[in-house]
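Working notes, beginning with the structure itself.
The values are calculated or read from the model by the stated rules, or taken from the named source; none is laboratory data. Here the structure is a predicted model, which means the values were calculated and not measured. Neighbour counts are summed over all protein chains in view; Cβ atoms, including those assigned to glycine, are modelled from backbone coordinates with ideal geometry. In case anyone asks, the SASA skips ligands and DNA or RNA and just uses the protein heavy atoms, side chains included. Shrake-Rupley method; radii C 1.70, N 1.55, O 1.52, S 1.80 Å.
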Amino acid sequence: MTSMTNLFNQLILATEEVVHTSEEAEHAVEAGITSGPLVEWAWLIVVVPLVAAFLIMFFGKKMPWKGWEIAWGAIAFVGVYGTVLFVLNATQGVLYEGTVEIATIGTNILGEPFVLEWGWMVDGLSIMMYFLVGVVGTLVFTYAKGYMKGDIRFTWFFVSFSLFAGGMLVLVSAPNLIQLIVGWELVGVSSYLLIAHYWEDFDNVDAGNKAFMVNKVADAALFLGAIIMAVSVGSFNFETILDVVVEGHEGPLSQYAFWAGLLLFIGAMGKSAQFPLHVWLPDAMAGPTPVSALMHAATMVTAGVFLLGRLFPFYLDVSGLFAGDVRDIIIVIGGITLFFTGLIALVQDDIKKVLAYSTVSQLGYMIAAMGAGAYTAGLFHLFTHAFFKALLFLGAGSVIHAVHSNNMSDMGGLRKKMPITFWTFIIGTFALIGVFPFAGFFSKDEILASIKYAGGDGGQDIANLILVLGILGAFVTAFYMTRAVALTFFGEYKGEAHPHESPKSMAYPLIGLAFFAVVAGWVNIPGVYTGFTDWLATRSPSTTFDLHHAETFDWAVVAASTMLVIAAVVIGWMIYGKDAGTQKERDRVRIPVLWPLLENLYYIDDFYMKGIVRPIMGPIARVILWFDMRVVDGVVNGVGLGAKGLASGVQVIDAEVVDGVYNVTAAGTSASGDVLRRSFTGRVQQYAAFSFVGVIVIVVLFVIF
């Protein structure tokens, strides 16, 4: 109670100072060293997709392609703009000597110091996200035109899809926690609309509700963490907060840093689907496949990792005053997630759910890296994963489009019928499992090497256990992807449809993503070229931080993970490569105890349903209903009856008293008028006599009184 009292006292003290007014924001814009209008007009990256969503809503159905052209044009604009910024940052240095562009437009309509700000950041982290959202989004939007052809809500889909992309851009451009939360919630509501797009099927609506509600639980923690952090510093602005952290100021933020850091991480756990809040993500496969591709690659699920990256100095905690202790929790959650959710993919028949649990597992790697203090490694894997996971989801969508089923039990033998889909899916698989020289090899190796360093020279004891889980996770990943490839593309076709290669509008994006799945990892090769590390480190001078960077590969880690990947592929092919009469016969591996546990998803969903949802819907709901009907309704009804009685009394007073006064006054006035009317005869002599008498009376009264 004392701590909370102190916290609210800090809130009162915080009102004495405005940390970042609109005038200061203007100064920040002028102080930034930019490359001209490209950086100064970067706010268009955020605004254009949001405007496009409204244009599609009002005019989309009147357009030749039902609004798709507006959506595609907007995201292509972001892709081109983001690519130009990315290239300039990599080659010329958009941000000279680490100076960032932070532009804000503020208003203090709520009173000081609660300055509401809208702005945009252009630094290494935000540029990377602009590039990813724009490029991956452009390819996914291109693909979606063919995939969604004939959909009854085609136009509405692209309204939601544009809003979804725009919400993510609001989030990654945010210079403060308030704007980040606005983008965070835009992404959340858009994901609900997209997951439940086929709302005629109740299961899809249920999946949308599940995603929304699980994220709301985590969002409550995010809001509390943001409030504690902002109140402690006196500002929601990232630069102001991180200035306090980097300079190592003891004060309110250092006192409450652990709780603020933990609450913010719980918020990140929800969006990035970390155990045990991962349960919503596989169900989100109910939405159209393009949604899954963009959501799992460059947008929603990366938001939690992005948040940790934006606040990384707070968690790195060089001074030892802030949220360094939270990193042990972060690395443990990441380690549990990367290994145990990956195991669930082994027993899935739905190809999209295999990839969904794969996404959860890969997000675990990213989170574990951030917990190990590996800023570059975690975000580098976010970067490469965006391309190969989008490729895999679009490849799965191509297969689903051809066989009209999500289940691998209805597939098989598709490599000859769908060669483009097959080869691009193989490239995505190699990138995911970390085969040299594909993108995932470099980013996953850097994560493992960084975790190893954290367990040694980094002094993080728990990291050694997480390293073991990370290496074993590489084996699991290779095994379930070998199974998926074998069941989908090899053997004899088991379905009833007539599969065929997808149209060009769907095939070309696969080829584009396959290119990036190969080369994206080449931008950060230890001992050869580490440009990505430098680009990503471009941040405000006051919030920069020193990190360990590997100068060469950790060959022991490379050898261990590579050997396990090869072993997993060989074992997986030995089990699943040989065809059988049915896919069920082919998918014959069932390890006692473990397989039922995995098929029931560790019974976590059952626990949530039986331990939380049903009690709330059962006894608790009945108590709330009783309270509502007996107490709340009683109060409302009592107030209603009282108001009705009061109205009756007012009516009586109005009719009998107020109207009576007016009526008596009117009658008196009428009578007086009758008397006075008789005195106005029109005779001047009579008026003169009255005047004379009046004067005499006045004189007499004056003399007497």
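Which trypsin sites (Lys or Arg not before Pro) in region 385-417 pass both tests, a DSSP loop state and at most 15 other beta-carbon atoms within 10 Å? For trypsin sites (Lys or Arg not before Pro) across region 385-417 that sit outside H, G, I, E and B with at most 15 neighbouring Cβ atoms in 10 Å, the list reads LYS416. Here the Karplus curve 6.51 cos²θ - 1.76 cosθ + 1.60, taken at θ = phi - 60°, turns the phi angles of region 654-659 into couplings of 5, 6, 8, 8, 4, 5 Hz, with x standing for Gly and Pro. Near GLY638: Cβ cut-off under 15 Å, other residues only, Lys/Arg at +1 and Asp/Glu at -1. The net charge is 0.
Annotation for LYS149 and LEU601: the two label points, set 7 Å from Cα along the Cα-Cβ direction, are 3.4 nm apart. Maximal additional length on extending the MET629-VAL80 stretch stands at 191.8 nm, based on 0.36 nm per residue less the C-alpha distance. Among the listed values (1) 278; (2) 201; (3) 286, the one matching volume of the Cα convex hull per residue in Å³ as calculated from this structure is (3). Relative to the longest principal axis of the Cα atoms of the chain, helix 633-652 runs at roughly 20 degrees.
Taking the longest Cα principal axis of the chain as reference, the axis of helix 463-489 is set at about 80 degrees.
Please give the FRET efficiency for ASP457 paired with LEU646, using the beta carbon to beta carbon distance and R0 = 51 Å, rounded to the nearest 0.05. Step by step, r from the Cβ atoms, then E = 0.10.
Put simply, the amide H of ILE525, placed in the peptide plane, has neighbours under 5 Å in THR530, GLY531, leaving out anything fewer than 5 places away on its chain. The HN-Hα couplings worked out from phi for region 588-600 by the Karplus form 6.51 cos²θ - 1.76 cosθ + 1.60 (θ = phi - 60°) are 8, 6, 9, 7, x, 6, 5, 5, x, 5, 6, 5, 9 Hz, whole numbers, x standing for Gly and Pro. Counting charges near ASP123 (Lys, Arg +1; Asp, Glu -1) among other residues having Cβ under 9 Å from its Cβ returns a value of 0.
Measuring gaps between exposed loop sites in the chain (GluC sites (Glu not before Pro); DSSP loop; at most 12 other Cβ atoms within 10 Å), the longest gap, sites not included, is 251-491.
Short-range pairs are left out: with C-alpha atoms under 8 Å and at least six residues apart, the relative contact order of the chain is 12 percent. Other residues with beta-carbon under 13 Å from the beta-carbon of VAL613 carry, at +1 per Lys or Arg and -1 per Asp or Glu, a net charge of 0. Rolling a 1.4 Å probe over the protein chains gives HIS498 an accessible area of about 150 Å². Once all protein chains are placed together, TYR508 keeps about 130 Å² accessible to a 1.4 angstrom probe.
Take the Cα of VAL658, step 7 Å toward its Cβ, do the same at SER672, and the gap between the two points is 2.3 nm.
The C-alpha atoms of the chain define a longest principal axis, and helix 124-147 lies at about 80 degrees to it. Overall, the accessible surface of the chain at a probe of 1.4 angstrom is composed of carbon and sulfur to the extent of 68 percent. With all protein chains kept in place, the per residue accessible area of the chain amounts to 43 square angstrom at a probe of 1.4 angstrom.
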